[in-house]
Amino acid sequence: MIAEIKKIVSGGYGLAFVEGKTAFIPYTAPGDTVEFSPVREKKNVIFGRLERVVKPSPLRREPECPVFGACGGCHLQHLGYEDEIRIKRESILENLERIGKTKTDFKRVIPSPERYGYRNHAVFKVDAERRPGFLMRESDTLVPFPPQGCLLLPEEMRQAIAAIPPDAFEPLTEIRVRMDKFGAVHFWGLLDRVGPPEVLMEAGGLLYPVSRDSFFQVNRHLASALVELVVSLPGAVRRKLLDLYCGSGFFTLPLARMAVEAFGIEHDQGAVRNAAAAARLNAVANAKFRRGNAESEIGRLGGYDLIMVDPPRLGLPKAVLQGIIRIKAQEIVFVSCDPPTFARDAKALIEAGYILSEIDLVDLFPATCHAEIVSVFRRG
């Protein structure tokens, strides 16, 4: 099938219209004419696989990675970085207008200083032949790392992966790798070594002990800028802070400095321990943390005038949204990496009387279809 790509939408798919149906085709550029084959169909929607570019768009660039288009790690290497930022911006705002029924614009758009080598953490797979790599998009097939390694990883991390002897890989497993604040590279899941129980990370002038499976922001160039941006959003009034998806306390601790008291909820016990340790390490005495599920905890909480949420890609569950609205906090700082679910949740908050006072874009994930939305909602 032949199609002309109109624009790039959420997920990094190229949007086209073919034979009365809407087609979504990855690894395409606006203005491309492409040949594609259907992978799956439902009603009037086709998800396709790019077979060849019949006529390239003027926006198309030669990707820097030789396995781009096969490996699922990147989605937008075939575009220049300025075009990538523009497409992400337009896609997020379109989602807000279409799903969230809100027309707005970004106050700030913060690009990554480096398009490659920015990740401080990754989880990769090992195939039956003990080769490390990432999976193909929407597939269980592994694509081995090219000779130079994955470009999203720092040079130190790529070299460390390349130096691992094949016998250290257990076939059909996954390996976790993280680079700490000192530049040391640590592995978990190898046969010839044992990773440490935690490593020390840094952002916004604060130190964070992070366990093997605990989440920490992955862009080593923008972690501090993200903290500074979030801290700049709430008003300066001293207040009670509730952080519903606090993780290792990444946002809780810097926000606690402008609060009378801060309380973080997190379902991962390891992350809760990390957050409490970080509070002690940074002498943040007014921050407390508890293991719990936001959906079950929110009904028992109240009296907070500032709420911080940085939920998973699925966004805020209905019960959490209802609980937030019931608490009637004066301000909600909302960080999201998924435009459609953010737009859905923004619509619910606005309908409940909140105003989307500011929205910013931080490109934490260059060369991929993802970006971070940072926003603040205030009661009208």
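Read the figures in this text as sums done on the coordinates, not as results from a lab. Please read all numbers here as calculations on a predicted model, not as lab measurements. Methodologically, a virtual Cβ is constructed for each residue, glycine included, from the backbone with ideal geometry; neighbour enumeration extends over all protein chains shown.
Below, the figures for the structure above:
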| quantity | calculated |
| --- | --- |
| Student exercise, the chain dipole from Lys, Arg, Asp, Glu Cβ charges, in Debye to nearest 20 | 1060 |
| Dipole axis of the chain (+1 Lys, Arg; -1 Asp, Glu on Cβ), positive-most option in PHE342, LEU364, PHE36 | PHE342 |
| Antiparallel bridges, percent of DSSP beta bridges restricted to the stretch 143-289 (to nearest 5) | 60 |
| Value of relative contact order over the chain, rounded to a whole percent, pairs C-alpha under 8 Å and six or more apart | 14 |
| R0 of 45 Å, Cβ-Cβ distance LYS103-ALA319: FRET efficiency to nearest 0.05 | 0.95 |
| Most mobile of ARG273, ARG49, ARG60 in a GNM of the chain (Cα contacts under 10 Å) | ARG49 |
| Karplus 3J(HN,Hα) series, Hz, for the stretch 278-287 with 6.51 cos²θ - 1.76 cosθ + 1.60 (x for Gly, Pro) | 5, 4, 5, 4, 9, 6, 9, 7, 9, 10 |
| Charge dipole magnitude, Cβ of K and R +1, D and E -1 - the stretch 114-228, Cα centre, debye nearest 20 | 140 |
| DSSP bridge pairs, the chain: antiparallel proportion in percent, nearest 5 | 70 |
| Added length on full extension, which subtracts the Cα-Cα distance from 0.36 nm per residue, ARG290 to GLU129 | 53.7 nm |
| Translational diffusion coefficient (Stokes-Einstein; Kirkwood radius from C-alpha pairs) of the stretch 296-380 at 4 °C, 1.567 mPa s, in µm²/s | 98 |
| Mean-position separation - Cα centroids, the stretch 61-110 and the stretch 1-47, in angstrom | 16 |
| Cα lying deepest toward the dipole's positive end in the stretch 2-60, options GLY12, LEU50, ALA23, charges on Cβ | GLY12 |
| Ordering of 132-139, 344-351 by burial proxy (mean other Cβ atoms within 10 Å per residue, highest first) | 344-351, 132-139 |
| Of all DSSP beta bridges in the stretch 121-201, antiparallel share, percent nearest 5 | 100 |
| Size of the stretch 49-115 as Cα extents on the principal axes (Å, biggest first) | 39, 29, 24 |
| Pairwise centroid distance, computed over Cα atoms, of the stretch 344-370 with the stretch 273-291, Å | 28 |
